[in-house]
Amino acid sequence: MNLNADEAVDALRAAGEPTRLRILALLAVEELSVMELGRILDQSQPRVSRHLKLMSEAGLIERFPDGAWVFYRLAHHGPRRKLVDSVLDLMGEQQPDRDFQRLEQVRAERQQAAAAYFERIAPRWDEIRSLYAPEHAVETAVEQAAGPGPFEKVVDLGTGSGRMLTLLGPKARVSIGLDLSQHMLNIARGNVAKAGLDKVELRHGDIFATRLPSETADLVVVHQVLHYLSDPASAVTEAARLVAPGGRLLIVDFAPHALEFLRSEHQHRRLGFSDEEIGRWLAEGGLKTTAPIALAPDREGLTVKIWTGERAEARVRSVA
């Protein structure tokens with residue numbers, strides 16, 4: 001579907017202002033909140049919000065509330081996204097360096113806060129995690145979604161204390177756990193050793209760039225990780241890349257909620273995810289989705305969801 005003349009003019013007008021072009025360039029890197037954009041651009045939030053409103057109404061960007069915060073990202077696809085990509089491509093290296101330097105500062109502050117948080121709570125990670133939903137019910141549902149195995153290779157991204165490895169590792173020929181926190185990896189090593197698993201490899205690694213080979217894991221798990229990330233869609237894309245033909249990706253996280261204290265006290269960036277959002281990311285990664293599993297808490301609190309994406313079996317070419 002293409003834009004007609006009036007639609008094209010409206011889209012170009014919405015983008016045709018220096019600050020708006022700067023915003024589009026930043027959102028091409030990752031989704032950002034109004035507050036973060038204001039800091040990076042050194043402009044007031046009301047002023048930034050006006051620019052965002054015009055571009056959102058023109059369909060160049062998407063606005064999505066998340067609790068008390070509002071995030072923005074580039075339009076997902078379609079002719080308006082192609083227009084934005086073309087404009088940014090024409091700008092090339094003319095985009096202001098100071099914007100990306102400030103973006104790196106914002107990222108660094110996020111990472112420092114997250115690192116300090118995980119260092120502080122690592123010894124109590126499983127205890128804190130168990131506050132959100134009955135852990136035995138979640139683990140039973142994970143095993144159900146993963147299937148009976150055996151698995152050739154299990155990859156756990158953001159492995160934390162290694163609980164998914166100790167849960168699923170006994171069914172795997174080899175398991176790999178990645179995490180950016182060395183302290184969490186040390187705890188995972190202890191838990192894996194205690195479970196008597198000797199075919200587990202724990203690595204310091206980035207969920208956005210795992211450096212693992214494509215389509216080689218028959219089970220990939222992303223357990224309670226996405227809500228910490230600045231760009232969860234990219235993490236799902238990378239996780240999906242690892243799934244072998246006939247394999248599965250399990251995403252375990254929260255349904256949308258409004259518990260703002262999880263941002264301030266527990267470094268959550270996103271307050272849950274919708275079925276539509278996760279389903280779209282899985283589909284873009286080439287995976288077929290199945291109905292998610294919902295696990296409501298036994299008291300007032302958070303609902304845990306398990307989303308599953310499957311890669312189709314490789315077709316065997318017939319030989320004439």
Hey, residue 167 within 30 Å of residue 73 (Cβ to Cβ) and at pLDDT 90 or above or not: no
Checking residue 214 against (1) surrounded by fewer than 17 Cβ atoms within 10 Å (Cβ to Cβ); (2) in contact with a Lys or Arg (Cβ under 9 Å, 6 or more places away or on another chain); (3) in a helix (DSSP H, G or I); (4) among the hydroxyl-bearing types (Ser, Thr, Tyr), the condition it does not meet: (3)
First in the range 1-28 and farther than 24 Å from residue 98 by Cβ, second anywhere and not in a helix (DSSP H, G or I), Cβ under 8 Å, 6 or more apart: 1/78; 10/58; 11/3; 11/58; 11/59; 11/60; 13/58
Scope the range 228-243; condition of a type outside the set (S, T, N, Q), in contact with a Leu (Cβ under 9 Å, 6 or more places away or on another chain) and not in a helix (DSSP H, G or I); matching residues: 242, 243
Matching residues in the range 1-27 - criterion: being among the aliphatic types (A, V, I, L, M) and surrounded by 14 or more Cβ atoms within 10 Å (Cβ to Cβ): 3, 8, 11, 12, 14, 15, 21, 23, 24, 25, 26, 27
Filter the range 217-237 for residues that are small (Gly, Ala, Ser) and in contact with a Phe, Trp or Tyr (Cβ under 7 Å, 6 or more places away or on another chain); which is surrounded by the most Cβ atoms within 10 Å (Cβ to Cβ)? 235
Pull out all pairs, ordered by first then second residue, where Cβ-Cβ is under 9 Å, the residues are six or more apart or on different chains, the first lies in the range 50-77 and is on the phi > 0 side of the Ramachandran plot, and the second is acidic (Asp, Glu) and assigned to a loop (DSSP other than H, G, I, E, B). 67/260
Where residue 265 falls short, out of the listed (1) within 26 Å of residue 33 (Cα to Cα); (2) part of a strand (DSSP E or B); (3) free of Cβ contacts under 8 Å to residues at least 40 places away in the same chain: (2)
Index of the failed condition, residue 244 passing every other in (1) at pLDDT 95 or above; (2) buried (at least 22 other Cβ atoms within 10 Å of the Cβ): (2)
Picked from the range 272-287 (must be small (Gly, Ala, Ser) and in a helix (DSSP H, G or I)), the residue surrounded by the fewest Cβ atoms within 10 Å (Cβ to Cβ) is 283
Could you count how many residues in the range 157-174 are within 16 Å of residue 213 (Cβ to Cβ) and in contact with a helix residue (DSSP H, G or I) (Cβ under 9 Å, 6 or more places away or on another chain)? 1
Of the residues in the range 31-49, those that are among the charged types (D, E, K, R) and more than 21 Å from residue 76 (Cα to Cα) come to 39, 42, 47
In a strand (DSSP E or B) and at positive phi: does that describe residue 246? yes
For the structure I just gave you, tell me whether residue 48 is out of contact with any Cys (no Cβ under 6 Å at 6 or more places or on another chain), under 23 Å from residue 97 (Cα atoms) and part of a loop (DSSP other than H, G, I, E, B). no
Quick check on my filter: what residues within the range 260-283 are under 12 Å from residue 302 (Cβ atoms) and small (Gly, Ala, Ser)? 272
Assuming residue 64 fulfils every condition listed in (1) surrounded by 17 or more Cβ atoms within 10 Å (Cβ to Cβ); (2) within 18 Å of residue 277 (Cα to Cα); (3) not aliphatic (A, V, I, L, M) apart from one, which condition is it? (1)
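The values are calculated or read from the model by the stated rules, or taken from the named source; none is laboratory data. Only a predicted model underlies this, so the values are computations on that prediction, with no experimental measurement involved. Cβ atoms come from the backbone with ideal geometry, glycine included; neighbour counts cover every protein chain shown.
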